[in-house]
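**Student:** Dropping the structure in here first, questions after.
The values are calculated or read from the model by the stated rules, or taken from the named source; none is laboratory data. Quick caveat: nothing in here was measured; it's all calculated off a predicted structure. When we count neighbours, we look across all protein chains shown, and the Cβ atoms used for this are built from the backbone with ideal geometry, even at glycine. What goes into the accessible areas is simple: the full protein's heavy atoms, side chains included, and nothing from ligands, DNA or RNA. Shrake-Rupley method; radii C 1.70, N 1.55, O 1.52, S 1.80 Å.
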Amino acid sequence: MYETLVYKKEAGLGIITLNQPNVLNALNAKAYEELYEVAELADQDDGIQVLIFHGAGRGFCAGDNITDGDLLKKRTFMGAYQYILGLQRVFNRIEAIKKPVIAAIHGAACGGGLELALVCDIRIAAESARLGLPELKLGALPCIGGTQRLPRLIGTAKTKELLFTGKLLPAVEAERLGIINQVVPDGRELEEAVSMANVIKERSSLALHMAKAAVDQGRNHDLYTALEIEARNDAMLFDTADFREGMLAFSEKRPPVFRGR
């Protein structure tokens, strides 16, 4: 049992619901601890093929809970620095999950809430959702990847505009910029995430892992090094039962039955 989230498994999917609706699912020390724990658990569970993050109540996640006084205790440089590295460790672990991860967003995804969404592979948002990085209004910076992952999605100029102004983007504009993959009617975000996850889970889990790794590893290299990573990852699939099943199913004009081997 968890204090700050709910984790349930159903039909090959893992659904992680941030569950502190009274504070718009704002993250405190316990929440970060439990997010790391559940990421480890889900990543190692062979029965889970796709993960979904969602928020209980009125919003996805309003970022760090700055009302609990914990942040103000990190007043020295080293205290703050170590604290921030700890938060990054949690989100880095989520990003490193070898399985596809989908964020189903409604309401607010601000600060750390948007940074959590950014470590997911796919983001689906309700029409009324709002996303942004308002930390500069508090005299601080987004520190769990906001200044680094967001420009990799939308470029430096637009990222700086969002950082400097602190404005919250409507879901439709976030989709236009490439932050959001899909905008859906309010109340449908989790349903649509589950629907997409059910399509994804029909793929070979081995191929999904290799595809995700190729994209994530390749983006940190020049094109030709990244192409070598792509070739290596695909070549490793050639000697798997899933690859042979995929080829056979195609020739026999039937759906493949993958077993992750």
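**Student:** Of everything in region 21-48 that's open to solvent by less than 50 Å² (accessible area, probe 1.4 Å) and of a type in the set (D, E, K, R), which residue is farthest from the chain's Cα centre (by Cα)?
**Tutor:** D45
**Student:** Any residue at all in region 30-38 that's part of a strand (DSSP E or B) and under 29 Å from H209 (Cα atoms)?
**Tutor:** There is no residue in region 30-38 that is part of a strand (DSSP E or B) and under 29 Å from H209 (Cα atoms).
**Student:** Going through region 241-261 one residue at a time, which ones are aromatic (F, W, Y) and within 13 Å of A207 (Cβ to Cβ)?
**Tutor:** Initial filter on region 241-261 (aromatic (F, W, Y)): 243, 250, 258.
If the condition is that a residue be aromatic (F, W, Y) and within 13 Å of A207 (Cβ to Cβ), then F243, F258 are the ones that fit.
**Student:** OK, next. Criterion first (out of contact with any helix residue (DSSP H, G or I) (no Cβ under 6 Å at 6 or more places or on another chain) and either in contact (Cβ under 8 Å) with a residue 60 or more places away in the chain or buried (at least 16 other Cβ atoms within 10 Å of the Cβ) (or both)) does K99 satisfy it?
**Tutor:** Yes; evaluated as a whole, the condition is true for this residue.
**Student:** If you don't mind, another one. Could you say whether any residue in region 144-154 is within 29 Å of Q217 (Cβ to Cβ), part of a helix (DSSP H, G or I) and open to solvent by less than 20 Å² (accessible area, probe 1.4 Å)?
**Tutor:** Checking region 144-154: at least one residue is within 29 Å of Q217 (Cβ to Cβ), part of a helix (DSSP H, G or I) and open to solvent by less than 20 Å² (accessible area, probe 1.4 Å).
**Student:** Sticking with this one: Just checking, does region 67-81 include any residue being at pLDDT 95 or above and either open to solvent by 50 Å² or more (accessible area, probe 1.4 Å) or within 27 Å of Q148 (Cβ to Cβ) (or both)?
**Tutor:** Within region 67-81 (the criterion being at pLDDT 95 or above and either open to solvent by 50 Å² or more (accessible area, probe 1.4 Å) or within 27 Å of Q148 (Cβ to Cβ) (or both)), the answer is no, since none of the residues qualifies.
**Student:** Among the residues of region 193-251, what is the count of those that are open to solvent by less than 30 Å² (accessible area, probe 1.4 Å) and farther than 29 Å from A103 by Cα?
**Tutor:** Result for region 193-251: 2.
**Student:** Separate question: Out of all the residues in region 39-66, which are closer than 24 Å to G107 by Cα and either at pLDDT below 95 or part of a loop (DSSP other than H, G, I, E, B) (or both)?
**Tutor:** Listed by number, the residues that qualify are A56, G57, R58, G59, F60, A62, G63, D64, N65, I66.
**Student:** Moving on. Kindly provide the set of residues from region 92-118 that are under 18 Å from A213 (Cβ atoms) and out of contact with any Lys or Arg (no Cβ under 8 Å at 6 or more places or on another chain), ordered by number.
**Tutor:** Answer for region 92-118, where residues must be under 18 Å from A213 (Cβ atoms) and out of contact with any Lys or Arg (no Cβ under 8 Å at 6 or more places or on another chain): N92, R93, I94, E95, A96, I97, V101.
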